[in-house]
Amino acid sequence: MSDKMAEPRRLHPATLVVRWLKIVPQMLAAFIGLTVAVMKEGVGGALLTAVLLLLAGGVFVALAWWRFTYRVEANEIVIEKGVLQRQRRVIPFDRVQDIAIEQPLLARIFGTARVTVETGGSDKEEGRLDMIGLGDARALRDRVRRGKAGAPAAADAVDAPPAEEPLLFAMDVPRLLLAGLFNFSLVFLAVIGAVLQYLDQLGLVEWNQWFNSERADQALHMATMGTVAILAVALILAGMVAGVVRMVSANFGFRLTRAAAGFRRKRGLVTLTDVVIPLRRTQVALIESGPLQRLFGWHALSFQTLGADRKEGGVQIAAPFARMAELLPILAEAGFPAPPPRTEFHGVPRRALLRRAGPWLALAAIATGAAFAIEPLAGLGGAALLALALAAVLRWRKHGHALDDRALFVRHGFLTRRLWIIPFEKAQTINVSRGPLQRPLALASLLVDTAGGSGLYNQAIVDLDARDAERLADRLLALFYPARARARLQPQ
C-alpha cells in the first residue's frame, strides 16, 4: 500500500459532485439577474446564458479536480494543485502534528473523508484533502505516524490493527440530552430574523408590514397575562429544544481517549470529526460553568492550544459536560494541577469597587435626578445602571487568584464562572498595566500571556494592589525558569 501511496493520487470522483453543489449557491445572484433578463429579453437568451454559466462552472470544477494530486513519499507529503497557477507544497513528516479526519454529511454518503494535515507552530491549514476514501484517509494517517516514529513503511504494517487507546471521557445520549437542556439557546431567533431580512430584500416579504407601530399597538391591546405566560413558556421550550439540537449535533458519540501525541477526540452527528489535541501544544486549561450547571455540579473543560484550528478560536473542547471528578483525571493526564480550594484564592482590594461600580452608581444618580426633573422614563435607565453596578460588585466578589508549585489559577465571573489554569512554563510574557482609573487608586492589572493566548477570553488579574501586582510578577518570573527547565526534561 505504501508503494501505491507514493504515486500521484487524485481526490475521490465524488468531489466533482460536491464541489458542483457548493458553487450552485454562488450562482444565485446570476440566476436572479437571469430572471430580470427573462422579463426584458425573452426566455431564449436567459436560458442560453444559464446553460453557459453551468457549463463554465462544471469545466472549472473538473479542471481543478484533475490538476489536484497528492502523494505520500518516504518522509513527506507532497500536494500539487492549480489550474492556471501551479502550487507545490511539501510537508515533512517531522512537522506534522497529526492527521485530522472529518466526515461531513455528503462525505459520509459517498464513503469519503476530509483530511487536514495539522502542523506544529502554525495556525493555518498547510495541507487539506477535501474528499478521499475513508480507508485511504486512515492509511495516510497511519503512514505518517509510523514515519514520524521511524517505523518501516511496509504494506503489512499499514494494515496492522491500531493499539487500543485508553478512554478518558465519553458522553452517552442521556447525558447529551441533559447537557442540551442546560445549554439554553435562542439562536433560532437570529436565524429566523436573517431569513426574513433576506426575503424582504428579494421583495417576497414586506418587513414593514409585519413589524410597525400599528402592529405593536395591536399586540399591546391584545396581550393578557395568560398570553404573555404562554408565549414565555413557548419561548423557553423552544430555547431548550434548540439547545438539545445543538448539543446532540455537535457532540453525539463524544469520546476522549489518550493517544500517543495527546488526546484524541471523536464526536459529531452530521459531521464526524476525529482530531488530536497535542499535549505539548496545550497552553492553558479553562473550567467554566453557567449558574444552573454549577448548581447541579456540572462543568466544561477546554484547552487553549498553540496552532489550533482557528474556526474554534484556538480552543479545543475536552469535556463539554462533566463532573469535577471526571475532569481531574483529564487535567492530570495533560500535566495540569487540580484547582485549589476556594479558601486559597486571594481577592482584590475593596477600593477596586470605586472603579468597577462607582461610574455606574454616578450615572444612576444622574438618571434618577433626570427622572424627577425632566423625564420619568429616565428612572428605568437609572434602575438598569443600578443593576450594572450590582453586577460589578458581584463580579468583584468572585474575582481572585491562587498559586501552587506548578501553576497560576485565575477565576472570573459571577453568572458564568471561569477558572484558568496557567502552568508557569507556558508563560510568554508577564504584563503589569495601570489604566487611568487605576492609577489614582494605586491599582494594577496583571496578565500572564501564553502562546496563542487570544482564544480563552482574558485571564488577567484585574485591580490588584499595585505593589502586590509587582511582587506577584517577580514571583511568577522566578518560578518560570525552574518550571521551564523541568518541562524540558520531561518526555514529550
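Can you list the helices (runs of 4 or more DSSP H) lying wholly within the range 129-185 that have 1 or more residues being at pLDDT below 80 and more than 21 Å from the chain's Cα centre (by Cα)?
134-149, 155-158
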What residue, of 475, 471, 418, is basic (Lys, Arg), assigned by TED's automatic domain parsing to the domain that holds residue 286 and within 30 Å of residue 361 (Cβ to Cβ)? 418
Filter the range 385-425 down to residues that are of a type in the set (Gly, Ala, Ser) and over 19 Å from residue 353 (Cβ atoms) and give me whichever is surrounded by the most Cβ atoms within 10 Å (Cβ to Cβ). 407
Which residue pairs have Cβ atoms under 6 Å apart, sit 6 or more places apart or on different chains, and have a first residue in the range 388-405 that is closer than 20 Å to residue 448 by Cα and a second that is assigned to a helix (DSSP H, G or I) and charged (D, E, K, R)? 396/356; 402/344
Return only the number of the condition from (1) at pLDDT below 90; (2) in the same structural domain as residue 478 (by TED's automatic domain parsing); (3) under 24 Å from residue 465 (Cβ atoms) that residue 428 does not satisfy. (3)
Quick one: in the range 242-300, of everything that is among the aromatic types (Phe, Trp, Tyr) and not in a strand (DSSP E or B), which residue is nearest to residue 429 (Cα to Cα)? 298
Return the residue satisfying two criteria in turn: it lies in the range 85-108 and is touching a residue at least 60 places away in the same chain (Cβ under 8 Å) and not in a strand (DSSP E or B), and of such residues it is farthest from residue 273 (Cα to Cα). 106
Take the residues in the range 239-292 that are surrounded by 20 or more Cβ atoms within 10 Å (Cβ to Cβ) and among the hydroxyl-bearing types (Ser, Thr, Tyr), then tell me which one is farthest from residue 305 (Cα to Cα). 289
Selection within the range 293-307 - surrounded by fewer than 22 Cβ atoms within 10 Å (Cβ to Cβ) and farther than 15 Å from residue 324 by Cα: 306, 307
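The values are calculated or read from the model by the stated rules, or taken from the named source; none is laboratory data. Just so it is clear, the model here is predicted, and its values are computed rather than measured. Cβ: placed from backbone, ideal geometry, glycine included. Neighbour counts: every protein chain shown.
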